[in-house]
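Data first, discussion second: the structure below is written as structure tokens.
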Amino acid sequence: MHSESPSIRFSIRFLGTIFAIPLLLFCFARVSTAQQKPNLPDPVKFVNKFDMVANAVRAVLKEQYDIELEDRQAGIITTRPYEFISGSLTESEMEKIAINNNPDTGSWLKARYSVETIMEMVSATETLVTVQTQIEALNRGVDGTEKWLPLESVGTYERRILGKISAILMGKEAPKKREGFWGQRPQPVDPRRSRFPGPTDR
């Protein structure tokens with residue numbers, strides 16, 4: 001029984017190390033992805049009347065989104081889908097705000113999300129607000145077909161919207177003023193100017 005030479009043993013160990021490193025990196029990436037979990041915020045109870053909270057919620061949503069449905073009686077406001085990224089950075093931006101549970105096939109073209117706010121009257125002076133988002137991305141498969149696929153939110157936009165609502169209700173941030181003619185302040189009338197045209201005005 002003859003033993004292996006030192007050079008052969010070194011080559012075997014070296015090759016084993018080369019193949020082991022990519023395998024470990026792959027396993028680590030899979031574990032990291034599996035451990036990533038959504039961190040959705042809990043509903044927030046504001047010590048404000050329902051109408052005041054509903055106005056603040058609407059002001060925050062109107063600042064960035066187009067409202068699709070507003071049912072004040074049911075306490076629901078939803079927005080139209082808002083496209084937040086497109087192009088080559090779509091996949092990397094998706095990973096910042098959502099978990100992709102879809103098979104990694106094809107390429108990602110763009111991503112969008114819509115917002116739904118639910119307001120519940122707890123008492124005459126308390127209102128509970130829940131913010132939910134529906135995120136989806138457009139995928140182009142290897143066969144060229146395109147379809148929107150759902151993503152799982154990690155709670156980034158939900159927390160941001162609740163923070164803005166809270167800022168308005170606490171008086172730290174005033175709602176955006178209305179733009180255009182109706183948003184202009186009335187201008188004082190110069191008493192020196194006559195209501196009727198003078199000689200120089202003709």
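Bear in mind these aren't lab numbers, they're just calculated from the coordinates by the rules spelled out. Keep in mind it's a predicted model, so treat the numbers as computed, not measured. We place every Cβ from the backbone using ideal geometry, glycine too, and count neighbours over all the protein chains shown.
Structural remarks
- Of all DSSP beta bridges confined to region 41-175, the antiparallel ones make up roughly 100%.
- Each residue in T117, T156 was given a count of other beta-carbon atoms within 10 angstrom of its own, and listing them fewest first yields T156, T117.
- Put simply, the amide H of G155, placed in the peptide plane, has neighbours under 5 Å in N39, leaving out anything fewer than 5 places away on its chain.
- Counting beta carbons within 10 Å around each of V154, V142, V53, V47 and listing the fewest first gives the order V142, V47, V154, V53.
- Working note: Karplus 6.51/-1.76/1.60 with θ = phi - 60° gives region 123-134 the couplings 8, 5, 10, 9, 9, 9, 10, 10, 10, 10, 10, 10 Hz, where Gly and Pro are set to x.
- Two-site FRET efficiency, D42 against E68, from Cβ-Cβ distance with R₀ of 25 Å, rounded to 0.05: 0.50
- Region 41-175: C-alpha gyration tensor shape, a/c 1.5 cut-off, then a/b vs b/c: prolate
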